[in-house]
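Input: a single structure, listed below in structure tokens.
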Amino acid sequence: MYDAVVITDPNGHIIEINPRAEEHFGYNQEDVIDKPISFFIPGLSPEIVQRIRRGLDSDRHMMLDANGLNRDGTKFACEVTVSAIDLMDPGDLVFTCRNVERRRRVREMLRAKENAFDISQSALFTCDSDGRFTNVNETFCKMFDLADEEEARKHVFADYFTDEPLPENYRKALAGETTTVGIVAESEDGADDSEIEITLAPNRDGRKVKGVVGSVIKV
């Protein structure tokens, strides 16, 4: 199995572990026989184990968010599913542990990128393959006089970026190419024209391009 499996007696003392558990926790089975499950998952005290047993009388299994403890003293986030099994004794427990540390790191990384997207002084946006805006940041809304992101989603790329070579560059991005071009933006209120730099790139999901990401910077 992909997950670490730890089988205990009804009181939470370890009877058997699978090879994945040996990898996750860093111990051989012989090292941990008769150790309490808290040896692997510190939060599962004897009192908690008994509470879980009582809860399993009405449910087939229970799920917990916990931290696993590796042999070297490092902790890792894990999801623990507990169920009952009649193995050596009626009421033996099966703890199935899934290491979710990588998932947590990815989630934190995506949250950090989202925060950076929101506060950027460049106007940032994403569009789907039809050119409709799916995400824009606050700077984009201010630059194009939009009330908020919801209003932006009512528009398409061609509503704001009509000058050549931008339509062609959009097609190139959908084909997998990244382009950067500088154009002069004419002011409607008579103020000085400004030069802006527009970068367009493919928005990939694996190998598939599902839209376009872009940035608009005043230079």
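The values are calculated or read from the model by the stated rules, or taken from the named source; none is laboratory data. In this text the structure is predicted, and so the values were computed from the model without any measurement. Note that each Cβ is placed from the backbone with ideal geometry, even for glycine, and that neighbours are counted across all protein chains shown.
Need pairs with beta-carbon distance below 8 Å; first residue more than 23 Å from ASP89 (Cβ to Cβ) and touching a residue at least 40 places away in the same chain (Cβ under 8 Å) and within the range 7-36, second among the aromatic types (Phe, Trp, Tyr) and surrounded by 16 or more Cβ atoms within 10 Å (Cβ to Cβ); sequence gap 6+ or separate chains.
Pairs that qualify, where the first residue is more than 23 Å from ASP89 (Cβ to Cβ) and touching a residue at least 40 places away in the same chain (Cβ under 8 Å) and the partner is among the aromatic types (Phe, Trp, Tyr) and surrounded by 16 or more Cβ atoms within 10 Å (Cβ to Cβ), are HIS24/PHE76; PHE25/PHE40.
Which residues, counting only those in the range 10-21, are more than 14 Å from ILE41 (Cα to Cα) and buried (at least 16 other Cβ atoms within 10 Å of the Cβ)?
Residues of the range 10-21 that are more than 14 Å from ILE41 (Cα to Cα), as a first pass: 10-11, 15-16, 18-20.
Those that are more than 14 Å from ILE41 (Cα to Cα) and buried (at least 16 other Cβ atoms within 10 Å of the Cβ): ILE15, GLU16, ASN18, ARG20.
Out of all the residues in the range 37-54, is one or more closer than 13 Å to VAL6 by Cβ, surrounded by 13 or more Cβ atoms within 10 Å (Cβ to Cβ) and either of a type in the set (D, E, K, R) or touching a Cys at 6+ places or on another chain (Cβ under 6 Å) (or both)?
No, the range 37-54 contains no residue that is closer than 13 Å to VAL6 by Cβ, surrounded by 13 or more Cβ atoms within 10 Å (Cβ to Cβ) and either of a type in the set (D, E, K, R) or touching a Cys at 6+ places or on another chain (Cβ under 6 Å) (or both).
Residue by residue, here is whether (1) in a loop (DSSP other than H, G, I, E, B); (2) farther than 30 Å from THR199 by Cα; (3) assigned by TED's automatic domain parsing to the domain that holds VAL213; (4) polar (S, T, N, Q) holds:
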residue: GLU30; (1), (2), (3), (4): no, yes, no, no
residue: ILE41; (1), (2), (3), (4): yes, yes, no, no
residue: VAL49; (1), (2), (3), (4): no, yes, no, no
residue: ARG54; (1), (2), (3), (4): no, yes, no, no
residue: ASP57; (1), (2), (3), (4): yes, yes, no, no
residue: ALA66; (1), (2), (3), (4): no, yes, no, no
residue: VAL82; (1), (2), (3), (4): no, yes, no, no
residue: ARG98; (1), (2), (3), (4): no, yes, no, no
residue: LEU110; (1), (2), (3), (4): no, no, no, no
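Would you mention how many residues in the range 126-164 are surrounded by 14 or more Cβ atoms within 10 Å (Cβ to Cβ) and not aromatic (Phe, Trp, Tyr)?
20
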